[in-house]
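Student: I'd like to ask some things about the structure below.
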Amino acid sequence: MSTSNTSKSSRLSGFYKQSLDERHDLIAAWADLNPDQIATLTGTKGLDLSTAIHMIENGIGIYGLPLGIATNFQVNGKDYLIPMVIEEPSVLAAVSNAARLIRAGGGFTTSSDDPVMIGQIQILDLNDLQFAEEQIWLHKANLLNLVNEISGSIVKHGGGARDLQVHKYPQTSVGPMLIVHLLYDTRDAMGANAINTAVEHLAPEIETITGGRVNLRILSNLTDQRKARAEVMIPADLLKTDELTGEQAVNQIIEAGIFAEVDPYRAATHNKGIMNGIDAVVIATGNDWRAIEAGAHAYAARNGRYSSLSKWWKDDSGNLRGSIELPLAVGTVGGATRVHPTAGVALKILGVTSARELAEVIAAVGLAQNLAAIRALATVGIQHGHMRMHARQMAIAAGAKDQQVEQVVARLIGDGVIRLERARLLVEELNKEV
Ligand code: MEV
């Protein structure tokens, strides 16, 4: 196990080889966790039955999922260990490996919009859409004030109503429809409750000024005012394989990216790989992953054709460049982020101080996950890594130590028999040779 020379480096080689206790010690030291917080991670403490069944209706139990740590992340010069909740093998190893390559190219550069949510108000029974729209603009200041009057702590924290937008649908099968968007900065909250309260509060005044009838009043999950972005560079040299030069690997990764840009069938799988990373952090931090999924896929189809959430290209030096942009309405306060004890500890491990920082880190994880997937697909194929990972798990479970691990992995893969009993025999043989 080695860490780089700064005391807060997430560049951890061999984290996967450590015992559970060693991993806990490392995470405890990293995030200053007390024994109760470690017990929360292991499930000894954490979400208790009575809290769980009161979070929903008709509750009967608690459903567990694995929680792991992705290593090697450096975002805007800051190191992060990333808690991820996911049932799928290989995701954590793949993303940590991609983060290691990205780190060598200078790490992630990220940015994000202010945390502005959109609340929609649907107005019907209007004779004159133009007149109704004019009324909205005439009363805009008053409408924004009405929202801020009831917005309490969000306004105190610098958030609140920011703007209005109007969308007109003159001909629908239920008649003309005017949609008012309330743009509302929810600061560090995901903000679903705040924005829904705000649009419900505005509805009667909107009916009065437009003369129409309000039907729906609800947030939009296409939170395209609240996007996060990440960009990376990977030196071509680092991408070479036994079969491919760095340049060939870069070209083939770019070809994979373009495939997803032009073809919706591939884009769905490409974006699924991105969401493997994104959802895992969203879940770990107690955020609403259905909202994030809905926003991501709607955004991917924003130009009328479902496409890739990421882009890959080559720079003038021949190095690989990649970027991602998507709506990421996540919070660090409110909702399950604070009710679920494990989410609280996950946020502490992440060490983010705002919803925007969390969104940016999540975008970085999505891009790294994507790189891991398309790099494997465009070079050795996805099964290769999966088999290796499986073989490594078997080798470690069989008691292989240090360089024995790779020796056992090579034999298991070479023989095409990746089983625990076989790994045990190989470890025994190696131990006899010493
Ligand atoms: C598997 O969970 C995700 C991948 O299919 C993503 C991709 O194809 O890019 C490997």
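Student: Quick check on the range 374-383. Is at least one of its residues in contact (Cβ under 8 Å) with a residue 24 or more places away in the chain, crowded, with 18+ Cβ neighbours inside 10 Å and more than 30 Å from residue 243 (Cα to Cα)?
Tutor: Checking the range 374-383: not a single residue is in contact (Cβ under 8 Å) with a residue 24 or more places away in the chain, crowded, with 18+ Cβ neighbours inside 10 Å and more than 30 Å from residue 243 (Cα to Cα).
Student: Given the conditions (1) part of a helix (DSSP H, G or I); (2) under 23 Å from residue 90 (Cα atoms), which single one is not true for residue 241?
Tutor: Residue 241 satisfies all of (1) part of a helix (DSSP H, G or I); (2) under 23 Å from residue 90 (Cα atoms) except (1).
Student: Right, something else. In the range 385-415, how many residues are more than 16 Å from residue 240 (Cα to Cα) and within 12 Å of the ligand (Cβ to nearest atom)?
Tutor: Counting residues in the range 385-415 that are more than 16 Å from residue 240 (Cα to Cα) and within 12 Å of the ligand (Cβ to nearest atom) gives 1.
Student: Residue check: is residue 324 buried (at least 24 other Cβ atoms within 10 Å of the Cβ), away from the ligand (no atom under 16 Å from the Cβ) and at pLDDT 95 or above?
Tutor: No; evaluated as a whole, the condition is false for this residue.
Student: Also, quick follow-up: Which of the residues spanning the range 336-384 are polar (S, T, N, Q), within 12 Å of the ligand (Cβ to nearest atom) and closer than 24 Å to residue 321 by Cα?
Tutor: Residues satisfying the conditions are 369, 370.
Student: Of the numbered conditions (1) within 16 Å of the ligand (Cβ to nearest atom); (2) assigned to a loop (DSSP other than H, G, I, E, B); (3) more than 21 Å from the chain's Cα centre (by Cα), residue 307 satisfies every one except a single condition; which is it?
Tutor: Going through the list (1) within 16 Å of the ligand (Cβ to nearest atom); (2) assigned to a loop (DSSP other than H, G, I, E, B); (3) more than 21 Å from the chain's Cα centre (by Cα), residue 307 breaks only (3).
Student: While we're here: Taking residue 194 as the residue in question, decide whether it is part of a helix (DSSP H, G or I), crowded, with 18+ Cβ neighbours inside 10 Å and in contact with a helix residue (DSSP H, G or I) (Cβ under 6 Å, 6 or more places away or on another chain).
Tutor: When the stated conditions are applied, residue 194 passes them.
Student: Please go through the range 134-171 and pick out each residue that is among the aliphatic types (A, V, I, L, M) and not in a loop (DSSP other than H, G, I, E, B).
Tutor: Residues satisfying the conditions are 136, 138, 141, 143, 144, 146, 147, 154, 155, 161, 164, 166.
Student: Name the helices (runs of 4 or more DSSP H) wholly within the range 339-434 that hold at least 3 residues that are out of contact with any helix residue (DSSP H, G or I) (no Cβ under 7 Å at 6 or more places or on another chain)?
Tutor: 355-378, 382-397, 403-415, 420-433
Student: Can I ask one more? Condition first: within 25 Å of residue 103 (Cβ to Cβ) and within 23 Å of the chain's Cα centre (by Cα). Now tell me which residues in the range 235-271 satisfy that.
Tutor: Matches in the range 235-271: 253, 254, 256, 257, 260, 270, 271.
Student: Taking the stated definitions as given, is residue 174 exposed (fewer than 15 other Cβ atoms within 10 Å of the Cβ), outside any strand (DSSP E or B) and among the β-branched types (Val, Ile, Thr)?
Tutor: So residue 174 fits the description; yes.
Student: Give the range 267-282 a look and list any residue that's within 15 Å of the ligand (Cβ to nearest atom) and crowded, with 17+ Cβ neighbours inside 10 Å, or say none.
Tutor: Answer for the range 267-282, where residues must be within 15 Å of the ligand (Cβ to nearest atom) and crowded, with 17+ Cβ neighbours inside 10 Å: 267, 270, 271, 273, 274, 275, 276, 277, 278, 279, 280.
Student: Return yes when residue 287 is free of Cβ contacts under 8 Å to residues at least 12 places away in the same chain and more than 16 Å from the ligand (Cβ to nearest atom) and no when it is not.
Tutor: Here the answer is no, as residue 287 does not meet what is asked.
The values are calculated or read from the model by the stated rules, or taken from the named source; none is laboratory data. None of these values were measured; they are calculated from a predicted model. No Cβ is skipped: glycine too gets one built from the backbone with ideal geometry, and neighbour counts run over all protein chains shown.
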